[in-house]
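The block underneath contains the structure these notes are about, expressed in structure tokens.
Since every read-out is calculated from the coordinates, none of them should be taken as a lab result. All values reported here derive from a predicted model rather than from experimental measurement. Note that each Cβ is placed from the backbone with ideal geometry, even for glycine, and that neighbours are counted across all protein chains shown.
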Amino acid sequence: MTQSVVVQVGQCGNQIGCCFWDLALREHAAVNQKGIYDEAISSFFRNVDTRVVGDGGSISKGKICSLKARAVLIDMEEGVVNEILQGPLRDVFDSKQLITDISGSGNNWAVGHKVFGSLYQEQILEKLRKSAEHCDCLQCFFIIHSMGGGTGSGLGTFLLKLLEDEFPEVYRFVTSVYPSGEDDVITSPYNSILAMKELNEHADCVLPIDNQSLFDIISKIDLMVNSGKLGTTIKPKSLVTSSAGAVKKRHQKPFDAMNNIVANLLLNLTSSARFEGSLNMDLNEISMNLVPFPQLHYLVSSLTPLYTLADVNIPTRRLDQMFSDAFSKDHQLIRADPKHSLYLACALMVRGNVQVSDLRRNIERFNVLLTKCPLAHCQTVP
Amino acid sequence: MSIVTVQLGQCGNQIGFEVFDALYTDSHCPQGLCSKRENEAYQASCKERFFSEEENGVPVARAVLVDMEPKVTNQTLSKAAQSGRWKYGQHSCFCQKQGSGNNWAYGYSVHGPRHEESIMNLIQKEVEKCDSLSGFFIIMSMAGGTGSGLGAFVTQNLQDQYSNSLKMNQIIWPYGTGEVIVQNYNSILTLSHLYRSSDALLVHENDALHKICAKLMNIKQISFSDINQVLAHQLGSVFQPTYSVEGSCHYRRNPLGIDWQVRPPLSGLPTLGKASLNRGLHFNMSIANLVILRGKDVHSADLGGFKDSALYTSWLEPINAFNVWKTQRAFSKYEKSAALVSNSQFLLKPLDTIVGKAWNMFASKAYIHQYTKFGIEEEDFLDSFTLLEQVVASYCNV
């Protein structure tokens with residue numbers, strides 16, 4: 001089983017990363033009842049015996065002692081990272097996995113990229129090498145950042161070049177949060193295009209996301225849930241947006257729900273690589289199938305269903321509706337309308353109790369729009 | 001005479017498991033509709049062919065499992081062990097961590113040479129366990145990376161190392177609507193390479209199997225395991241022991257002794273070639289057919305329809321092109337069953353479609369960079385296209 005390392009850069013990156021780790025832990029807790037450190041967990045977590053001092057103490061099999069996330073947290077101001085370290089997830093992160101500074105990048109790509117890049121290059125490389133060493137077979141780096149700010153955008157993209165030189169065989173999947181129409185950072189257009197250039201050249205695959213779409217999705221869910229039209233089949237708290245059971249109950253931060261959606265996306269993307277299924281699709285297969293030409297590696301993602309159904313055995317009509325929704329622009333995580341342009345390639349990743357016949361039936365329905373479409377099929381119900 | 005099976009990739013391993021299961025279940029089926037002695041001879045023959053004996057009496061499948069990621073092989077091994085009736089050898093599995101990423105080039109050029117020695121060693125060990133080897137049965141898919149790429153590489157190696165044994169490849173034709181975007185590329189590369197090194201290609205289309213499940217078996221929610229079971233059933237009915245046409249009293253020794261290598265016509269017979277066009281465009285011409293009958297009343301079955309010379313090419317007499325194998329022992333629980341293996345123009349349309357789609361993609365150079373990264377250049381693609389066009393043309397002229 002392959003491992004992945006998550007690198008979270010900047011305020012946005014770290015906040016999303018925090019939601020991601022929370023969800024990942026809960027997902028594995030739900031699946032792994034016996035507490036055995038198996039291959040699925042090892043893709044994102046290390047099993048560490050905390051009684052051993054120093055760097056050793058990694059345990060590869062047996063019961064879970066203490067899980068440490070395979071992550072590197074980078075931020076040029078301390079606020080966000082400190083908050084994570086004081087929160088419930090503090091044990092999941094190692095103090096050796098952090099890189100922080102005090103002043104921040106001031107929403108300036110140049111500061112993030114050039115100044116902090118050269119200043120922290122050695123440290124970053126060292127932390128990355130360390131986390132790579134802890135991996136048996138490292139397949140992919142997940143980089144989470146925003147495009148509009150200074151650190152996430154500047155330093156995040158500086159990282160890409162480093163990763164490409166140091167680990168050329170490891171995939172670089174970048175989750176970028178693009179600035180939306182009403183963005184509060186004035187220099188975000190500059191930051192974004194400077195970052196785009198780097199993404200174009202050094203990333204293997206980019207998943208662009210924008211805040212406006214996330215916000216629309218949240219509003220839609222709230223509307224549906226509150227209107228009560230859906231009746232008893234829908235659970236009131238949507239799993240996609242809430243962390244049911246507890247990360248921070250002190251006060252729900254405004255971006256929490258939106259970050260949860262992104263975290264869900266990342267988890268679902270990697271689910272086929274971690275869990276068994278009847279037709280698996282690994283991360284390198286995603287890259288192979290969806291990237292026809294080296295520079296066209298921007299993937300529009302969408303998630304369905306957005307609300308959790310109480311009944312797990314979904315009747316066919318609703319299942320078909322889910323497939324239609326996946327292609328509708330309301331469910332996408334970025335504002336774009338592919339139906340009025342051209343699909344180059346699509347991939348459908350399905351989790352849960354769905355059979356090949358359902359997939360085929362739905363693909364045949366969409367045949368008018370699609371000419372090429374690979375499938376992946378994973379059996380574990382989230 | 002034993003067959004060594006090599007299961008490659010996710011598809012190959014999932015199917016391989018179902019095949020062995022079907023073979024085992026059939027051979028231990030209580031009602032054979034024949035005498036006890038007959039039944040025992042059948043069982044012994046089947047056992048010798050596909051399983052080897054281990055100390056504690058549990059039969060071990062003569063198989064080598066190969067995959068570039070561990071999930072499926074682990075699943076297969078544990079399913080077999082859990083059934084308690086038969087299992088795979090402990091050391092007959094080879095797997096790596098990272099998979100081939102649906103990339104034929106990666107499977108062929110990277111994994112192939114890297115793991116050549118280990119895989120061939122495993123196969124050698126299985127071969128040594130056999131008293132007499134009749135051939136290899138290689139199960140793989142065409143659309144993925146490991147099954148197709150590594151499968152082509154392994155078949156080539158088997159050709160070099162064991163040139164006297166027959167190699168039969170079971171290939172799975174992907175769904176027309178697509179499972180993997182680059183399946184057309186992977187398929188044409190696989191077919192062209194297998195054409196040079198394999199003796200026979202047994203083809204099963206996912207579409208056709210799916211239709212069987214939907215229409216004939218009326219399964220509402222078809223899963224891959226349903227499809228695999230249908231496939232295993234078909235393969236089982238072909239590969240189980242039968243009597244040869246000469247009616248000898250021992251079970252046919254060489255299960256793969258089907259004369260696929262029919263000689264092509266000499267170039268000096270153009271007029272005969274033209275005569276076949278009068279049959280109409282949709283008529284399916286066969287080069288060779290094999291019918292396997294099992295169960296009651298096999299000897300009285302009427303096979304006249306198969307002997308009609310209209311079915312066959314003009315340069316072959318029906319007597320040479322048509323073979324029948326019969327046995328009284330019924331297969332699985334069916335009182336009577338028949339299987340047809342045919343080398344005919346049936347494959348023309350799917351083959352043409354795949355070549356067409358691959359060509360379209362190639363014309364725009366889509367995804368080519370993923371293959372050139374690992375050493376498969378555009379010339380290799382062009383070679384494959386040429387070869388397959390030739391195959392299509394030859395089949396058209398049948």
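Applying the criteria of a DSSP loop state and at most 13 other Cβ atoms within 10 Å to the trypsin sites (Lys or Arg not before Pro) of segment B:137-232 yields B:K220.
Taking amide H positions as modeled 1.01 Å from N, with prolines and chain starts lacking one, the residues under 5 Å from A:D210 and 5 or more places away or on another chain are A:Y178, A:I334, A:R335.
A Cβ-based charge dipole, computed about the Cα centre of segment B:349-397 with Lys and Arg at +1 and Asp and Glu at -1, lands at about 260 debye. Under the simplified labelling scheme, the A:Q86-B:T372 pair shows an inter-label distance of 5.5 nm, with each label point 7 Å from Cα along Cα→Cβ.
The string of couplings for segment A:139-148 from the Karplus curve (6.51, -1.76, 1.60, θ = phi - 60°) is 9, 8, 9, 9, 10, 10, 7, 10, 9, x Hz, one whole number per residue in order, with x for Gly and Pro.
Could you sort A:139-146, A:323-330 so that the peptide with the highest average Cβ count within 10 Å comes first and the rest follow in order?
The most tightly packed comes first, giving A:139-146, A:323-330.
With both labels modelled 7 Å from their Cα along Cα-to-Cβ, the B:N218 to A:C137 distance reads 4.5 nm.
Sorted from greatest to least, the principal axis extents spanned by the alpha carbons of segment B:2-239 come out as 51, 44, 31 Å. Sparsely packed loop sites in segment B:83-158 (the trypsin sites (Lys or Arg not before Pro) outside DSSP H, G, I, E and B with at most 13 other Cβ atoms within 10 Å) comprise B:R85.
Give me the one-decimal Kirkwood hydrodynamic radius in Å for segment A:3-296, with the sum taken over alpha-carbon pairs.
It is 19.8 Å.
Centroid-to-centroid, using Cα positions, segment A:152-212 and segment B:322-379 are 43 Å apart. Across peptide B:90-103, the average count of Cβ atoms from other chains found within 10 Å of a residue's Cβ is 4. Return the whole-Å distance between the Cα centroid of segment B:53-115 and the Cα centroid of segment B:1-30. Value for the Cα centre distance between the two parts: 13 Å.
Here the simple spin-label model places points 7 Å from the Cα toward Cβ, and for B:A363 and A:V31 these points are separated by 4.3 nm. Close amide H partners of B:L133, meaning residues 5 or more places away or on another chain with modelled amide H under 5 Å apart, are B:S2.
Given R₀ = 60 Å, FRET efficiency for B:S78-B:N397 by Cβ-Cβ distance, to 0.05? The value I calculate is 0.75.
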